[in-house]
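The values are calculated or read from the model by the stated rules, or taken from the named source; none is laboratory data. Values in this document were obtained by computation on a predicted structure and should not be read as measured data. Every residue, glycine as well, gets a Cβ built from its backbone with ideal geometry; the counts of neighbours run over all protein chains shown. Just the protein is used for accessible areas: all its heavy atoms, side chains included, with ligands, DNA and RNA removed. Shrake-Rupley method; radii C 1.70, N 1.55, O 1.52, S 1.80 Å.
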Amino acid sequence: MKVPFSWLKQYVDIDVTAQELEDKLFGCGFEVEELIDLGGEISKVVVGVVTECVPQEGTHLHICKVDCGEYGHDIQISTGAPNVYAGMHTAAALDGSTLPGGVKIKAKPLMGVESNGMLCSGEELGLNDDLYPGAEVYGLLDLPKDTVPGTPIQQVVGLDDYIFDISITANRADCQSVLGIAREVAAVLNKPLKMPATDYTVSDYVDSRLSISVEDEDLCPRYIGHYVRNITPGESPRWMRRQLALCGLRSISNVVDITNYVMLEIGQPMHAFDMDTLESCQILVRRAKDGEKITTLDEKEFTLTPNNLVICDGSKPVALAGVMGGLNSEIKDTTTQLLFESAKFARDNIRKTARGLGQNTDASSHYEKGISEYTTELGMARALHLIQELGCGEVTSTHFDCSAGAPA
């Protein structure tokens with residue numbers, strides 16, 4: 001499990017280095033497989049301001065004069081990037097610098113003109129748009145005009161961070177989230193734990209058409225559903241996209257990102273159903289019928305047995321419980337109303353389903369280790385808070401909490 005150092009700091013006032021924290025985590029029984037320095041492969045790459053930009057006759061190159069602060073105010077660098085312009089703030093890899101992948105930059109002539117480094121694109125720095133806006137543009141990385149020449153590029157684009165890659169054993173299901181690790185960090189540093197915000201307000205709207213029932217409580221001891229309407233699908237804020245990216249996930253849309261964010265942060269896998277795609281508003285959690293089929297979000301079709309648990313819309317499966325949602329109810333750009341799902345499923349059943357179908361997912365990995373009923377409730381509250389924080393939907397009063405009253 002990947003845990004960003006910067007994300008941990010949101011919950012604990014950490015006053016030690018990442019390396020010191022790694023040692024402390026080892027000391028309390030956690031196997032940190034790797035401490036990843038995001039900007040570790042980058043050296044001598046700084047903010048440079050293009051003060052002069054002249055086309056080199058007969059070539060596609062531009063000869064630039066670049067102000068790199070303490071490294072030099074009039075450094076000559078040639079570039080073939082189509083978007084270079086005088087006044088541009090960008091990443092300048094100076095003579096003797098290194099880039100991700102072991103690339104080394106040396107001063108050398110380009111088309112007969114001396115170039116004392118290289119101006120960089122976001123891709124050359126190992127960035128994408130989720131890690132830093134505009135990183136995937138064709139050409140040089142265009143930095144804000146208030147960036148200071150000579151500043152190490154890691155500080156500007158957020159590569160001055162570390163990722164803890166931690167192996168979570170089956171007996172520590174409570175630690176399969178950023179918050180779970182933060183709780184351990186708070187204990188080892190003797191610091192208070194700051195919980196993420198879970199407050200939200202509901203409108204008076206109640207959808208009387210919606211009902212949720214659990215037929216097989218032994219496989220689903222708790223199922224929480226909450227109806228959200230007036231959805232405005234769109235792009236997630238930069239902070240959320242970045243934190244997802246640091247954990248290896250690409251941003252999809254605000255609603256889908258919220259479900260992934262809650263899984264990473266709280267440890268609760270969640271799902272959102274597009275209500276407009278359901279044949280009825282009667283949600284039923286049951287065993288699959290022998291030979292029943294479902295096509296999951298990754299467009300794979302599976303033939304099911306009664307050993308598999310499914311979420312149905314009254315007539316057909318719309319999700320493979322604990323593993324993946326169905327393609328027939330996915331959130332789209334046109335989604336206007338949804339049902340959030342936060343559930344606890346029997347860990348052995350999810351493990352057998354995921355392995356039997358060869359469909360191991362992040363969600364199934366969490367469920368296999370075990371999810372507490374408290375986490376199920378906390379995850380739903382966090383998702384509803386984020387819906388309001390991001391301003392992408394109306395949290396209604398329509399809420400269901402189906403509980404068997406006993407652990408699986």
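Here are a few things to note about the model shown:
- Annotation: of all residues in segment 71-96 being among the hydroxyl-bearing types (Ser, Thr, Tyr) and surrounded by 21 or more Cβ atoms within 10 Å (Cβ to Cβ), the one that is farthest from residue 53 (Cα to Cα) is 90.
- Any hit, segment 190-211, residues being modelled with pLDDT under 95, open to solvent by less than 60 Å² (accessible area, probe 1.4 Å), in a loop (DSSP other than H, G, I, E, B) and among the acidic types (Asp, Glu): yes
- Taken over segment 97-111, residues that are open to solvent by 40 Å² or more (accessible area, probe 1.4 Å) and of a type in the set (A, V, I, L, M) amount to 3.
- Qualifying residue in segment 17-28 (condition: part of a strand (DSSP E or B) and open to solvent by 20 Å² or more (accessible area, probe 1.4 Å)): no
- Qualifying positions in segment 44-55 - surrounded by 16 or more Cβ atoms within 10 Å (Cβ to Cβ) and of a type outside the set (D, E, K, R): 45, 46, 47, 48, 49, 50, 51, 53
- Qualifying residue in segment 339-349 (condition: more than 29 Å from residue 202 (Cβ to Cβ) and crowded, with 24+ Cβ neighbours inside 10 Å): no
- Residues that are in contact with a Lys or Arg (Cβ under 7 Å, 6 or more places away or on another chain) and charged (D, E, K, R) within segment 155-208 comprise just one, 165.
- Condition met for residue 100 (closer than 30 Å to residue 165 by Cβ and either polar (S, T, N, Q) or in contact (Cβ under 8 Å) with a residue 40 or more places away in the chain (or both)): yes
- Residues satisfying the stated conditions in segment 245-257, i.e. free of Cβ contacts under 8 Å to residues at least 40 places away in the same chain and crowded, with 23+ Cβ neighbours inside 10 Å: 257
- As a summary of the residue check, residue 373 satisfies the conditions (1) within 15 Å of residue 221 (Cβ to Cβ); (2) free of Cβ contacts under 8 Å to residues at least 12 places away in the same chain except for the one numbered (2).
- Positions within segment 258-277 being open to solvent by 20 Å² or more (accessible area, probe 1.4 Å), under 22 Å from residue 207 (Cα atoms) and of a type in the set (A, V, I, L, M, F, W, C), in sequence order: 270
- For segment 146-184, a residue qualifies if it is in a helix (DSSP H, G or I), open to solvent by less than 10 Å² (accessible area, probe 1.4 Å) and either free of Cβ contacts under 8 Å to residues at least 12 places away in the same chain or in contact with an Asp or Glu (Cβ under 9 Å, 6 or more places away or on another chain) (or both), and the qualifying residues are 175, 178, 179, 180.
- Pair list, Cβ under 7 Å, 6 or more apart: segment 287-308 residue touching a residue at least 24 places away in the same chain (Cβ under 8 Å) and under 10 Å from residue 326 (Cβ atoms), other residue of a type in the set (Asp, Glu) and part of a loop (DSSP other than H, G, I, E, B): 297/330
- Residue within segment 104-119 that is under 21 Å from residue 37 (Cα atoms) and at pLDDT 95 or above present: yes
- The requirement of being closer than 30 Å to residue 279 by Cα, open to solvent by 50 Å² or more (accessible area, probe 1.4 Å) and in contact with a strand residue (DSSP E or B) (Cβ under 6 Å, 6 or more places away or on another chain) is fulfilled nowhere in segment 232-241; no residue meets it.
- Residue match in segment 345-356 (condition: under 25 Å from residue 296 (Cα atoms) and within 21 Å of the chain's Cα centre (by Cα)): no
- Total residues in segment 306-315, condition of a type in the set (S, T, N, Q) and open to solvent by less than 50 Å² (accessible area, probe 1.4 Å): 1
- Single match in 42, 14 (criterion: over 18 Å from residue 121 (Cβ atoms) and β-branched (Val, Ile, Thr)): 14
- The residue of segment 278-305 that is most open to solvent (accessible area, probe 1.4 Å), among those that are closer than 24 Å to residue 230 by Cβ and either among the charged types (D, E, K, R) or out of contact with any Leu (no Cβ under 9 Å at 6 or more places or on another chain) (or both), is 279.
- Segment 334-367 - residue that is of a type in the set (Lys, Arg) and farther than 17 Å from residue 304 by Cβ and, of those, modelled with the highest pLDDT: 344
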